[in-house]
Amino acid sequence: MHQTLFPRHAVEAKHRAGLLGAHYDCFVEWMQEHGYARETMRYHVQRVTHFGKYLKRRGIHCIHKLEGPEGERLLTNYEQYWKRRGHWGRNHGLRLYIRSLEDSGVIKRSRTNKAASSPEVTEYLEFLKEQKGLAQNTIRYHRDWMAKFLKFLDYQKEGFSWNALSIVDIDRFLRQEGTTQKRSTHQLFVSCLRSFVRFLYQAEKVPVDLSSRITAPRIYKLESLPQVLAWSEINRILESVDRSTTVGRQHYAILILLTTYGLRAGEVAGLRLQDIDWRTESLRIRAGKTGRELHLPLMPEVGKAIISYLKSARPESKFREIFLLTCAPWTPITSNNVGYVVRRHIDLAKLNPPRRGPHILRHSVATRLIRQGASLKEIGDLYGHRVPESTHIYTKTATENLREVALQAPKIKW
């Protein structure tokens, strides 16, 4: 049973009334489960009650009107209603309310991604999964680019037809998206687009195969060096964490995982409680790109950091992921949250590297292992690389090793 938010019975009865008030208990229990403070819960309930009155004045008496695009339009109109009165940001509690109803099955879960609502893209993503065997993260990357492509084409306009797709449309899209991107990023999304256009032709959605006419910038093998930090700088990042706080204990556990094993941000965010075998002192990692499982030894420093976080910083939750957000809702962290932790402590360590994301730690760990004598095969196995070429680039960053085998410069007589 939920906690009593309003001491006066008449006040609570007011919030239980009407279309949205019928699900008062569902919403309050959802917020309580996700760790919201009492005052925050009261504020959100008040927002929902006012929104209910707004819907009633407009003759809306069905809870399913909150589903999908129609529900999104209602929220947008409501926000505009408040903006005209000089107020902003009144929709957050309403989105939480809708989410609570979706989680409990009262209304259908909205699919806001336009690409997901396209039959052609849905078939394409299924093709990538079932026929190509791509990892989920790679499929998600394709999905995001297809969403942008459909938005550019105005897919949902009346009368849209794939038969009208031309190389001119594709070129305009590539110019629009490529103006602010590096060549490597531009090449990746061109590859996604080429693959999708080829699929459309093979599925007989378009009359002509345009994929061969979509060109990408040339990228030369090993043309650039990965950015790395000196190990003394890695230690400064770890030392910048205040481990006396709950947030600090979480940040330290995340950073020690990144700097011990060179994990990707998504691999840290996806760690679950069952992935740690305390008896055998092992750690199971689901490799982000390949989807393979890696079994690594649980290093003592890593184990201590995780135990410290679990015992004194992690809130109680139904979620099995190890790392949760540090404020309500207490849901699992994402790759973006891991990236924030890295950038935050790079700043606190007063460092200014050209790259500030989690991958700079991954590159730094690989470079250190090479300098300590680890083979490329060992690093490739640790990082879950399928092909040796993925690991070879780190040999270019271990410059100290190259100096040891450098030939002595011959003397020149003038």
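Just so you know, all these numbers are worked out from the coordinates, no wet-lab data involved. Keep in mind the model is a prediction, meaning the values are calculated, not measured. Virtual Cβ from ideal backbone geometry, glycine too; neighbours counted across all protein chains shown.
Among V208, V228, V106, V302, the order by Cβ neighbours within 10 angstrom, fewest to most, reads V208, V106, V302, V228.
With a ≥ b ≥ c the root eigenvalues of the C-alpha gyration tensor of segment 9-104, is it rounded (a/c under 1.5), prolate (a/b larger than b/c) or oblate? Note, shape of segment 9-104 comes out rounded. Largest GNM mean-square fluctuation among P300, P358, P329, using the chain with Cα springs under 10 Å: P300. In a DSSP loop and with at most 14 other Cβ atoms within 10 Å, there are no GluC sites (Glu not before Pro) in segment 118-155. Determine the shape class of segment 115-213: with a ≥ b ≥ c the square roots of the Cα gyration tensor eigenvalues, call it rounded for a/c under 1.5, and otherwise prolate if a/b is greater than b/c, oblate otherwise. In terms of gyration-tensor shape, rounded. Averaging the sequence gap over all C-alpha pairs within less than 8 Å and six or more residues apart, then dividing by the number of residues, gives the chain a relative contact order of 13 percent.
Model label points for K151 and E130, set 7 angstrom from Cα along the Cα-to-Cβ axis, are 2.9 nm apart.
When V338, V206, V168, V11 are arranged by Cβ crowding within 10 Å, least crowded first, meaning fewest neighbours, the order is V168, V11, V206, V338. For segment 19-105, the set of chymotrypsin sites (Phe, Trp or Tyr not before Pro) satisfying both a DSSP loop assignment and a count of at most 14 other C-beta atoms within 10 Å is given as W88. The string of couplings for segment 204-212 from the Karplus curve (6.51, -1.76, 1.60, θ = phi - 60°) is 6, 8, 10, x, 10, 7, 8, 4, 5 Hz, one whole number per residue in order, with x for Gly and Pro.
With viscosity set to 1.567 mPa s and temperature to 4 °C, compute the Stokes-Einstein D of segment 212-364, Rh being the Kirkwood radius across alpha carbon pairs; µm²/s, no decimals. Translational diffusion coefficient: 78 µm²/s. Remark: S317, S184, S195, S244 ranked as S244, S184, S317, S195, counting other beta-carbon atoms within 10 Å and listing the fewest first. Listed by chain and number, the aspartates and glutamates whose C-alpha is less than 14 Å from the C-alpha of K14, apart from same-chain residues fewer than 8 away, are D25. What the Cβ-Cβ distance of E79 and E293 gives, at R0 = 35 Å and to the nearest 0.05, is a FRET efficiency of 0.20.
Pick out which of N337, N163, N137 has the largest mean-square fluctuation in a Gaussian network model of the chain, springs linking Cα atoms closer than 10 Å. Among N337, N163, N137, the largest mean-square fluctuation in the Gaussian network model of the chain belongs to N163. Between R57 and T334, the C-beta separation translates, for a Förster distance of 41 Å, into a calculated FRET efficiency of about 0.60. Annotation for segment 265-309: GluC sites (Glu not before Pro) lying in DSSP loop with at most 15 further Cβ atoms inside 10 Å of their Cβ are E281.
The modelled label-to-label distance for the pair S244/R109, using points 7 Å beyond Cα in the direction of Cβ, is 4.3 nm. Taking a ≥ b ≥ c as the square roots of the eigenvalues of the Cα gyration tensor, the chain is oblate, since a/c reaches 1.5 or more and a/b is not larger than b/c.
Taking segment 115-213 as the region of interest, the number of lysine pairs whose Cα atoms are within less than 24 Å, with members eight or more places apart or on different chains, is 11. For R272, the residues 5 or more places off, or on other chains, whose built amide H falls under 5 Å of its own are I322. For T215 and T280, a Förster radius of 45 Å and the Cβ-Cβ distance give a FRET efficiency of 0.30, rounded to the nearest 0.05.
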